[in-house]
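The values are calculated or read from the model by the stated rules, or taken from the named source; none is laboratory data. Owing to the predicted nature of the structure, the values given are computational and were not obtained by experimental measurement. Neighbour counts are summed over all protein chains in view; Cβ atoms, including those assigned to glycine, are modelled from backbone coordinates with ideal geometry.
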Amino acid sequence: MNLFLYDIDGTLIKTNEDGKKAFEKAFKDMYGDNINFDVNFVGGVDKSVFFNLVRINNISFDLDSWEKFKDIYVKNLAQLSKKNFNNWELLSGSMDILKYTAKMGTNYLLTGNIKSGAKIKLEVFDLMKFFKIGGYGDNYIIRNDIAKDLYNRLVKKYKDKIDNTYVIGDSVKDIKCAKEINAKSLIVLTGWESEEQIKLSKPDFIGSNLIEIRNYLKNNL
């Protein structure tokens with residue numbers, strides 16, 4: 001059994017920053033316009049980004065704040081996905097590699113997106129059909145914890161039937177996730193980090209696009 005754990009943004013698709021715009025609008029909808037958004041969204045976990053924004057803006061919140069924020073964010077994202085879908089991009093090789101890895105094993109999501117946000121983004125390109133379960137940014141602050149939780153669930157499901165596990169992403173954080181669960185990291189240069197940044201974290205393979213990642217898998221599975 002081969003497991004393929006996919007990131008979304010910068011790996012499979014790009015939303016022309018509509019994900020970030022929906023996130024920022026939701027935060028303003030809750031807390032007003034005078035907000036400092038000086039946080040790193042690249043490879044981030046939605047829940048972590050939310051709490052970082054709360055912290056740097058000195059905002060008090062209760063336990064319901066995160067759940068309320070998610071509802072507003074998803075509503076904003078759904079609206080933008082319908083309004084701006086022509087500006088969203090299905091990255092080169094996405095459909096082909098998902099079809100290939102679905103034949104060679106099982107596809108799962110490993111993303112910092114909340115589950116409902118991930119679904120909206122993927123359904124624009126009819127990609128959700130390639131995934132069963134996944135690890136999402138609803139309940140964890142640290143991306144590595146999402147990876148560990150997902151992998152532990154898969155080990156419990158498949159036991160000793162797992163042959164290879166691959167993390168397919170576009171960022172240094174994807175490489176760290178792979179190392180956390182002893183998986184191989186296959187990194188595509190279609191995200192927001194430079195090749196130099198990626199190389200410093202020593203992934204198992206770097207491809208210019210997902211076509212090159214698919215070719216690597218064809219030669220190594």
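A single entry from Glu212, Glu196 fulfils the requirement of being farther than 22 Å from Phe41 by Cα, part of a helix (DSSP H, G or I) and acidic (Asp, Glu): Glu212.
Pairs meeting the criteria (first residue in the range 180-192 and more than 27 Å from Asn152 (Cα to Cα) and surrounded by fewer than 22 Cβ atoms within 10 Å (Cβ to Cβ), second residue modelled with pLDDT under 95 and among the aliphatic types (A, V, I, L, M), beta carbons under 7 Å, at least 6 apart or on different chains) are Trp192/Val42. The condition of being at pLDDT 95 or above and under 28 Å from Glu67 (Cβ atoms) does not hold for Lys202. Restricting the first member to the range 89-116 and to residues that are more than 30 Å from Lys70 (Cβ to Cβ), and the second to residues that are modelled with pLDDT under 95, the beta-carbon pairs closer than 7 Å and six or more apart or on different chains are Met104/Leu221; Gly105/Met1.
Out of the range 102-136, which residues are modelled with pLDDT under 95 and of a type outside the set (D, E, K, R)?
Residues of the range 102-136 modelled with pLDDT under 95: 132-133.
Residue satisfying the conditions is Ile133 alone.
Annotation note: of Lys132, Lys176, the sole residue that is over 26 Å from Asp96 (Cβ atoms) and not aliphatic (A, V, I, L, M) is Lys176. Of Tyr108, Tyr140, all but one fail to be outside any helix (DSSP H, G or I) and either touching a Gly at 6+ places or on another chain (Cβ under 7 Å) or outside the structural domain of Ile175 (by TED's automatic domain parsing) (or both); the exception is Tyr108.
Within the range 5-13, is there a residue that is of a type in the set (A, V, I, L, M), surrounded by 19 or more Cβ atoms within 10 Å (Cβ to Cβ) and over 30 Å from Asn220 (Cβ atoms)?
Filtering the range 5-13 for residues of a type in the set (A, V, I, L, M) gives 5, 8, 12-13.
Still in the list and also surrounded by 19 or more Cβ atoms within 10 Å (Cβ to Cβ): 5, 8, 12-13.
Applying the additional criterion that residues be over 30 Å from Asn220 (Cβ atoms) yields none.
No, every residue in the range 5-13 fails to be of a type in the set (A, V, I, L, M), surrounded by 19 or more Cβ atoms within 10 Å (Cβ to Cβ) and over 30 Å from Asn220 (Cβ atoms).
From the list Lys25, Lys75, Lys70, Lys103, the one residue that fits, being in the same structural domain as Asp174 (by TED's automatic domain parsing), of a type outside the set (Phe, Trp, Tyr) and either in a helix (DSSP H, G or I) or surrounded by fewer than 20 Cβ atoms within 10 Å (Cβ to Cβ) (or both), is Lys103.
Considering every residue within the range 147-163, establish whether at least one is touching a helix residue (DSSP H, G or I) at 6+ places or on another chain (Cβ under 6 Å), under 11 Å from Thr111 (Cα atoms) and modelled with pLDDT of 95 or more. Checking the range 147-163: at least one residue is touching a helix residue (DSSP H, G or I) at 6+ places or on another chain (Cβ under 6 Å), under 11 Å from Thr111 (Cα atoms) and modelled with pLDDT of 95 or more.
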